[in-house]
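First up is the structure itself, then whatever we jot down about it.
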Amino acid sequence: MVEEYSEEEKEKILDKVYEWGVAFSESKYFEELTEEQRRESEFVVLSFTEYMYSYEGLSPEEWDEEGLEDCCLYTLPEKISAGNSYFRSIAPVLSAFFSFVEEKRLLRNASNLARAVKEIDKQIVKNASDPQNWGSAKSFVMAAKDAGVDITNEREMKKFLALYNLQQLAKLKLKIDDKPRSKSKVKIGRNDPCPCGSGKKYKKCCGRYDR
């Protein structure tokens with residue numbers, strides 16, 4: 001595990017894996033992917049590489065099954081504002097990529113990684129499709145996309161942000177208003193037994209102080 005995060009180190013790692021990706025795109029493993037998976041492959045490999053370093057603290061030589069599962073099942077679904085095709089492509093693309101780097105002996109643990117990512121294929125897609133797993137930034141971007149906003153247009157995004165914040169405030173107020181009210185105290189008759197358990201009538205016990 002890397003001891004300290006470094007932008008410079010991250011760029012070096014991404015450059016190295018990008019070169020692996022170029023060679024991968026010319027391999028039989030890449031050709032076996034579907035058109036959709038080939039289209040998403042570069043983003044899948046590089047985003048996985050970046051987030052494994054940034055959030056799991058792992059360089060490619062340190063990639064392991066535990067880090068892979070955390071990244072693919074939780075970090076990517078939380079952070080990446082992409083469509084379903086991206087998440088559907090994660091397991092097939094990474095599995096093919098790991099098989100390629102295993103063959104080229106670029107990583108020692110690649111075959112185990114390929115097997116591990118295949119096993120969580122459906123769970124990746126499921127986690128990514130559940131808005132409860134999204135971070136706040138992703139939730140905002142996905143809401144903008146659903147509303148037909150051009151997310152590359154800064155002016156449109158600012159206008160949508162103002163509306164989005166108002167909607168979130170309204171939802172928050174609704175949640176507060178929907179909370180059950182505390183029940184009022186049960187009225188005790190003056191001649192009823194005192195609830196303190198003294199055996200006296202309420203009016204001659206705690207009722208004297210309530211008055």
Residue tally, condition farther than 29 Å from PRO131 by Cα and open to solvent by less than 30 Å² (accessible area, probe 1.4 Å), over the range 60-97: 1
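Residues that are in contact with an Asp or Glu (Cβ under 6 Å, 6 or more places away or on another chain) and closer than 19 Å to GLU32 by Cβ: does the range 96-109 have at least one?
Residues of the range 96-109 in contact with an Asp or Glu (Cβ under 6 Å, 6 or more places away or on another chain): none.
No, because not a single residue in the range 96-109 is in contact with an Asp or Glu (Cβ under 6 Å, 6 or more places away or on another chain) and closer than 19 Å to GLU32 by Cβ.
If a residue counts only when it is touching a Cys at 6+ places or on another chain (Cβ under 9 Å) and of a type in the set (Val, Ile, Thr), which helices (runs of 4 or more DSSP H) contained entirely in the range 1-70 have at least 2 such residues? Explain how you work it out, then say what you get.
On the way: elements: 7-24, 28-31, 35-54, 65-70.
Helices (runs of 4 or more DSSP H) meeting the threshold: none at all.
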Odd one out for ARG39 among (1) surrounded by fewer than 19 Cβ atoms within 10 Å (Cβ to Cβ); (2) free of Cβ contacts under 8 Å to residues at least 24 places away in the same chain: (2)
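Of everything in the range 15-32 that's over 22 Å from GLU65 (Cβ atoms) and among the aliphatic types (A, V, I, L, M), which residue is surrounded by the fewest Cβ atoms within 10 Å (Cβ to Cβ)?
As a first pass, look at the range 15-32 and keep what is over 22 Å from GLU65 (Cβ atoms): 15, 18-19, 22-23, 25-28, 30-32.
The next check asks that each one be among the aliphatic types (A, V, I, L, M); those that pass are 22-23.
Details: VAL22: 10, ALA23: 13.
Only one residue fits best here, namely VAL22.
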Criterion violated by ASP121 - all others in (1) under 23 Å from LEU46 (Cβ atoms); (2) open to solvent by 60 Å² or more (accessible area, probe 1.4 Å); (3) among the acidic types (Asp, Glu) satisfied: (2)
Residue in the range 83-100 that is farther than 25 Å from VAL149 by Cβ, among the hydroxyl-bearing types (Ser, Thr, Tyr), touching a Phe, Trp or Tyr at 6+ places or on another chain (Cβ under 7 Å) and at pLDDT 95 or above present: yes
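Conditions tested, residue by residue: (1) surrounded by 10 or more Cβ atoms within 10 Å (Cβ to Cβ); (2) at pLDDT below 65; (3) closer than 27 Å to LYS79 by Cα; (4) among the polar types (S, T, N, Q).
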| site | (1), (2), (3), (4) |
| --- | --- |
| THR152 | no, no, yes, yes |
| LEU161 | yes, no, yes, no |
| ASP177 | no, yes, no, no |
| ASN191 | yes, no, no, yes |
| GLY197 | no, no, no, no |
| LYS203 | yes, yes, no, no |
Leading residue by the ranking (farthest from GLU102 (Cα to Cα)) among those in the range 3-36 that are touching a Leu at 6+ places or on another chain (Cβ under 9 Å) and free of Cβ contacts under 8 Å to residues at least 40 places away in the same chain: LEU14
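The values are calculated or read from the model by the stated rules, or taken from the named source; none is laboratory data. All figures in this text were calculated on a predicted structure; none of them were measured in a lab. Reconstructed Cβ throughout: ideal geometry from the backbone, glycine too, with neighbour counts over all protein chains shown. Surface areas here come from the heavy atoms of the whole protein model, side chains and all, with no ligands, DNA or RNA. Shrake-Rupley method; radii C 1.70, N 1.55, O 1.52, S 1.80 Å.
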